[in-house]
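Asker: Below is the structure I would like to discuss, written out as structure tokens.
Each reported figure results from applying straightforward, stated rules to the coordinates on display, with no laboratory input. As the structure is a prediction and not an experimental result, all values here were calculated from the model. Positions of Cβ are generated from backbone atoms using ideal geometry, with glycine treated the same way; all protein chains shown enter the neighbour counts.
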Amino acid sequence: MAEALQCDTDVSGSDVSQISSHEHRGAQRYTLLIRAAKLIGPTGEYMCVIRDASESGANVRLFHPLPECDRMMLELQNGDQHEMEVVWQEENRAGLRFSAEADIARIIECPSRFAKRPVRINLDVAAMLSSLSQQAGVRIKNISQQGAQVISKHRFAIDQRVQLSADGLPEVNAKIRWRRGELFGLVFEDTFQFGDLARIIADMQQDEEAALVTAS
């Protein structure tokens, strides 16, 4: 699905820290063209894009409604975290206020030793991993546009081609890149668009939460 937002072409590969305009709304506001991030709340983690930020807060682009929550943690691609107060939310945007003083220069620069690090969402979701010779139930531990980590008691070979599927997640072709014990790293052969994956993750977490409630 085509998105009007530039981030859907390749957010994780963008290194955009250009200041395109200035507005004066209390604290001086810097407009960031694209800055991929995630919001962490009590019910899960959610992909977003920071559109502009100031010393007082930030506006973010959303791809689905956020769960009801007064405070969330905003995590940048370099791992920096900022506790935020959710001030308002409408359609595909939300306004957040920093709970503590923020280093706006660091947020704009977003220094990191990881080049083009994608946003990775931590999950604990039941899934199926299939190959030509076997099929096994697994749990997805995290996922990004380019790959995922899963836990499985079944043995899969390095470089083995597999298909990963789950409720809310369309079957995706992947290759086993590495393994450590029962933990396997997958690289997707077809990457997801940022907005599409954001919506998929939100649905997967909602489905998993509903399944847990039903089971209890």
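Asker: According to the Kirkwood expression over distinct Cα-Cα pairs, how big is the hydrodynamic radius of the range 121-215, in Å?
Answerer: Values: mean 1/r = 0.0751 Å⁻¹.
Evaluated on the range 121-215, it is 13.3 Å.
Asker: Checking a compactness column here: for the range 120-160, what do you get for Rg(Cα) / (2.2 N^0.38 Å), N being the number of residues?
Answerer: On the way: Rg = 10.5 Å, N = 41, 2.2 N^0.38 = 9.0 Å.
Scaled against compact globular proteins, the figure is 1.17.
Asker: Compute the signed sum of charges (Lys and Arg +1, Asp and Glu -1) over the other residues within less than 12 Å, Cβ to Cβ, of GLU83.
Answerer: Details: positive: ARG71, ARG97; negative: ASP70, GLU75, ASP80, GLU85, GLU101.
In short, -3.
Asker: Using mean Cβ contacts within 10 Å as the protection proxy, how do 101-110, 165-174 order, highest first? Kindly include the intermediate steps, with their values, before the conclusion.
Answerer: Numbers: 101-110: 14.9, 165-174: 16.5.
Packing order, densest peptide first, comes out as 165-174, 101-110.
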